Amino acid sequence: MMGRDVSFSAAATTIPPDVIERVRADLRQKRDSNFPLLDLPFSSADVCALMADAEMRLRTLLDIPSNYAVLFSQGGAYAHFSMVAMNLLADNDVADYVDTGLWAKRAIEEAAQVGRVSVIASGDENGCRSVPPLDGWRPSPRAAYRHITSNESAQGIQFQEFPAPNDVPLVADMTGDFLTRPINVRQFGLIYASAQKCLGAAGLTLVIVRRDLLRPCARPIPAVFDYHRLAAAHSRVNTPPIFAIYLAGQMLRWIEDEGGLAVLAERRARRCDRLYRLLGSSRAFRCSAAPGHRSATTLCFSFAAPEGQSMALEVAASRGLRYLEGHPAVGGFRIAIHNAHTDQDIERIADYLEYIST
Ligand SMILES: *Cc1c(COP(=O)(O)O)cnc(C)c1O
């Protein structure tokens, strides 16, 4: 039953041991320019090649068409809540937002500091238990863009299908489920995601943006926040987060070696089905997310008898199952399934759920 500690944190992913080993060896290696990676200036040929390699791997995995730019930016998804509006929302325009939960609310709050925002659907009407039905959204006549949050990591709900493309570019905060399943990039105008939730190190925020949206900004904005300038400078307006990009490249390579996103998604679906079935089969648990909307990356639930909860978390920790606390704003439990979890990790969390349900 005991074994190494396993993290089920939604805040940071697990780096597979093979990748850690490769990185350890690699960091000592001198590159072509005769220095190890972390000693290199960001404009060096080695760093440029490393960035191009990570971009190429991401393009291949997600089948990103050539009319989309890939940006390696910084600030975390939270910074991009503002940056999206700074770049895409002109003074007289309005941006449509779908409020699915905690992260969408933060995105809305930040964008509203920059420009005019309309909340066209809200999960509040049902306690954020499901994604508001697509046919009930109330879009603005000529929105600059429409923003969604593909996975609400605090509430444990996830878009199972995305709205059909129309004239209004769809912008998605995919931090909660980036690279956990195949997506059709062509359905989106812009996708952003913090790297630490799926690709390793904090400090890198990936942006995939349709090139026709990359116009010089109408309003003055700082150069490092300007998507147009970032794209023109190949993400080197200033020093990019080189180590985080390097690690992302290694993680992308690992995903390829595992068989790609369809394989990972299928494996994930099997694992989640099993865990949700366990949660559903005991009266000890309450799973607030509605069936059909439940997240395959962040499984959120609580105890029907809340007084047992802190004891159950202690039991988890004693079994080496770590970071099962729900988001502080929501409470309860949260199991984040990482791409790098093994069958045995899932076995252990399933055993644990069975144990605490009795
Ligand atoms: C974690 C998270 C964020 C915030 O990411 P930071 O890198 O901390 O800025 C934003 N959106 C979602 C869906 C998240 O899960």
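Taking every residue in region 43-61 that is under 12 Å from Arg236 (Cα atoms) and pairing it with any residue that is open to solvent by 20 Å² or more (accessible area, probe 1.4 Å) and among the polar types (S, T, N, Q), at least 6 positions away or on another chain, the pairs with Cβ-Cβ distances below 6 Å are Ser44/Ser33.
Can you find a residue in region 243-260 that is among the polar types (S, T, N, Q) and over 18 Å from the mean Cα position of the chain (by Cα)? No, that holds for no residue. For beta carbons closer than 7 Å, sequence separation of 6+ or different chains, a first residue in region 253-268 that is more than 22 Å from Gln158 (Cβ to Cβ) and a second that is part of a helix (DSSP H, G or I), the qualifying pairs are Arg253/Arg57; Trp254/Asp18; Trp254/Val19; Glu256/Arg57; Glu256/Leu61. Considering only residues in region 159-181 that are near the ligand (Cβ under 10 Å from one of its atoms) and touching a residue at least 60 places away in the same chain (Cβ under 8 Å), the one that is nearest to Ser122 (Cα to Cα) turns out to be Asp173. Looking at the structure I just gave you, is Ile148 among the aliphatic types (A, V, I, L, M), in contact with a strand residue (DSSP E or B) (Cβ under 6 Å, 6 or more places away or on another chain), within 13 Å of the ligand (Cβ to nearest atom) and in contact (Cβ under 8 Å) with a residue 40 or more places away in the chain? Yes: the conditions hold for Ile148. Regarding region 322-340, can at least one residue be identified that is open to solvent by 20 Å² or more (accessible area, probe 1.4 Å), free of Cβ contacts under 8 Å to residues at least 24 places away in the same chain and part of a helix (DSSP H, G or I)? No, region 322-340 contains no residue that is open to solvent by 20 Å² or more (accessible area, probe 1.4 Å), free of Cβ contacts under 8 Å to residues at least 24 places away in the same chain and part of a helix (DSSP H, G or I).
All but one of (1) touching a helix residue (DSSP H, G or I) at 6+ places or on another chain (Cβ under 8 Å); (2) within 23 Å of Cys198 (Cα to Cα); (3) open to solvent by 40 Å² or more (accessible area, probe 1.4 Å) hold for Glu354; state the number of the condition that does not hold. Result: Glu354 fails condition (2) only.
The values are calculated or read from the model by the stated rules, or taken from the named source; none is laboratory data. It should be emphasised that the depicted structure is a prediction, and the values quoted were computed from it without experimental measurement. Neighbour counts run over all protein chains shown; Cβ positions are idealised from the backbone, glycine included. Only protein heavy atoms, including side chains, enter the accessible area calculation; ligands, DNA and RNA are left aside. Shrake-Rupley method; radii C 1.70, N 1.55, O 1.52, S 1.80 Å.
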